[in-house]
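The structure under discussion appears below in the form of structure tokens.
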Amino acid sequence: MSLATHAHNVLIAAAIAGVLGCAPLAKAAPEDAAPPQETKQQRDQRMAWWREARFGMFIHWGLYAVPAGTWNGKQIGGIGEWIMHNAKIPVKDYEKLTAQFNPVKFDADQWVSIAKNAGMKYIVITSKHHDGFAMFQSQASPYNIYDATPFKRDPLKELAAACQKQGIKLGFYYSQAQDWHHPGGAAAGGHWDKAQDGDMTEYIRKIAVPEVKEILTNYGPIAVLWWDTPCDMTKERAEMLLPLLKLQPGIITNNRLGGGYHGDTETPEQFIPPTGFPDRDWETCMTMNNTWGYKSYDNKWKPTEVLIRNLIDIASKGGNYLLNVGPTAEGLIPAASVERLAEVGKWMKVNGEAIYGTSASPFKKLPWGRCTQKPGKLYLHVFDWPKGDLVVPGLKNRVAKAYLLSDASRAALPVAAGENGVSVKLPADAPDKIASVVVLEIEGQPEVAAMSRGAVMNLYANEMKPVAP
Ligand code: FHN
């Protein structure tokens, strides 16, 4: 990664953290990621399923789905799950939402099927967000969905069973530092209700530690623990939580615990870092509209085209895409999300081979789309279908065969090698308007001649003349 790109990524992370009033995330050195006793080979083994997966579902679900962005008749600005903070709702008033939270339409199998049919390989769900409300049965605090609501079910138990049944990995998000309900929990920008005051270390000891112990003990295999917003997390506080990870050998954690711990993964939020993080595993988390937790009036949905191209762009930079849904207080994933995920799934059924288990593109820039790779294969994801040949600028390898991934017969496409790279003769129409994948079977490791962006664009402009009839 260039210094400029790295600085850009760090600045964005710092800006996000700054907005939230929490300490910026420190830059991780590769060796920070692994426990000291872990070899590179062991780490690669631990990360293998995650690197293969490339695509997961984030679920933000909690009490905040009840007000769904509106408090006392007023639409509250900002993201839905922050309503308690943004409207400065007193603890006792927010607590009353528990009486109305009865998500009887929740169907764990259906949620997991929606993820699976989209081509997602793992789910990360909020077990407790910053509002301090646990979405699982807890002995540590009665402020949980099982004990405090008419629902009287543990959705995480049901989700864990459904994930096991359908072969999807399950991870838990846990807000370890911010907790606007339990005394001593942190709040970005400070507490707004005396009931929140207390000792943070005591809060970690009495609430965060036992709850994390519960989520890592009572739900079978847990693949990911997703910390968030490390406000006021000292090294000492982080070290109260860290040993709990041993409860799930092989678990993957992100870089948001705080206290100087960098975990396994970088977590760019709502953006795709221009060159990824070449030395680190990373995962872009992103909303499908403009909120993580459900807001009844947020209809700014990203089109399917954007979602698919984001997934490709991220894979082409070596990362994972953790795409969010915010279910309603009834327990339903919004229809707009379900529709888009089904469309992404349709694309993945044809083209998944070009996403799962791939690594970053060997090309700096391609004028018509993106590239992912596996040993011996380049997957050219063509966004802008050329009128003439598809030019792969600077590619030096001999191409043994080219074909469309959507073509079950794998009929060979004519390939010509020239000074400036490789050209592939394509049919007139794109098999998929959003992204069509051309596979190149190549000999050896990919070798790409260095070319300036200008040279690539010129070359392409010349070679993209429409094919004469
Ligand atoms: O404050 C949270 C936010 O509500 C949401 O959970 C996102 C997801 O990455 N994380 C925090 C902001 O960085």
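The values are calculated or read from the model by the stated rules, or taken from the named source; none is laboratory data. The shown structure was predicted, so the numbers you read here are calculated from the model rather than taken from an experiment. Please note: Cβ atoms are built from the backbone with ideal geometry, for glycine as well, and neighbour counts cover all protein chains shown. Side chains are part of the model used for accessible areas, which takes the heavy atoms of the whole protein and leaves out ligands, DNA and RNA. Shrake-Rupley method; radii C 1.70, N 1.55, O 1.52, S 1.80 Å.
Things worth noting here:
- Consider region 419-447 and keep the residues that are in contact with a strand residue (DSSP E or B) (Cβ under 9 Å, 6 or more places away or on another chain) and open to solvent by 50 Å² or more (accessible area, probe 1.4 Å). The one that is farthest from residue 343 (Cα to Cα) is 420.
- Restricting region 114-123 to residues that are more than 14 Å from residue 327 (Cβ to Cβ) and not in a loop (DSSP other than H, G, I, E, B), the residue that is least open to solvent (accessible area, probe 1.4 Å) is 122.
- Any hit, region 129-144, residues being within 22 Å of the chain's Cα centre (by Cα), closer than 15 Å to residue 210 by Cβ and at pLDDT 95 or above: yes
- If you go through region 182-195 and keep only what is under 21 Å from residue 241 (Cα atoms) and either open to solvent by less than 50 Å² (accessible area, probe 1.4 Å) or in contact with a strand residue (DSSP E or B) (Cβ under 8 Å, 6 or more places away or on another chain) (or both), you end up with 182, 184, 185, 186, 187, 188.
- Residue list for region 91-140, restricted to those being on the phi > 0 side of the Ramachandran plot and within 16 Å of the ligand (Cβ to nearest atom): 132
- Considering residues of region 339-351 that are in contact with a strand residue (DSSP E or B) (Cβ under 9 Å, 6 or more places away or on another chain) and open to solvent by less than 20 Å² (accessible area, probe 1.4 Å) only, the residue nearest to residue 454 (Cα to Cα): 351
- Among the numbered conditions (1) aliphatic (A, V, I, L, M); (2) outside any loop (DSSP other than H, G, I, E, B); (3) open to solvent by 10 Å² or more (accessible area, probe 1.4 Å); (4) touching a residue at least 24 places away in the same chain (Cβ under 8 Å), the only one that residue 225 does not meet is (3).
- Among the residues of region 252-283, those identified as part of a strand (DSSP E or B), touching a residue at least 40 places away in the same chain (Cβ under 8 Å), over 22 Å from residue 307 (Cβ atoms) and within 16 Å of the ligand (Cβ to nearest atom) are 252, 258.
- Neighbours by Cβ (under 8 Å, 6+ apart or cross-chain): first from region 56-72, in contact (Cβ under 8 Å) with a residue 60 or more places away in the chain; second among the acidic types (Asp, Glu) and in a helix (DSSP H, G or I): 60/81; 62/81; 64/81
- Residue selected from region 216-231 under the condition within 16 Å of the ligand (Cβ to nearest atom) and β-branched (Val, Ile, Thr), by the criterion nearest to residue 261 (Cα to Cα): 229
- Residue within region 147-170 that is within 15 Å of the ligand (Cβ to nearest atom), within 26 Å of the chain's Cα centre (by Cα) and buried (at least 21 other Cβ atoms within 10 Å of the Cβ) present: no
- The set of residues in region 284-316 being basic (Lys, Arg), part of a loop (DSSP other than H, G, I, E, B) and in contact with a Lys or Arg (Cβ under 9 Å, 6 or more places away or on another chain) consists of 302 alone.
- Yes/no for residue 179 being more than 25 Å from residue 121 (Cα to Cα), surrounded by 18 or more Cβ atoms within 10 Å (Cβ to Cβ) and charged (D, E, K, R): yes
- Selection count where residues are in a loop (DSSP other than H, G, I, E, B) and either touching a Cys at 6+ places or on another chain (Cβ under 6 Å) or away from the ligand (no atom under 13 Å from the Cβ) (or both), scope region 70-90: 8
- All positions within region 126-169 that are outside any loop (DSSP other than H, G, I, E, B), in contact (Cβ under 8 Å) with a residue 12 or more places away in the chain and not aliphatic (A, V, I, L, M): 126, 127, 128, 155, 157, 158, 163, 164, 165, 166, 169
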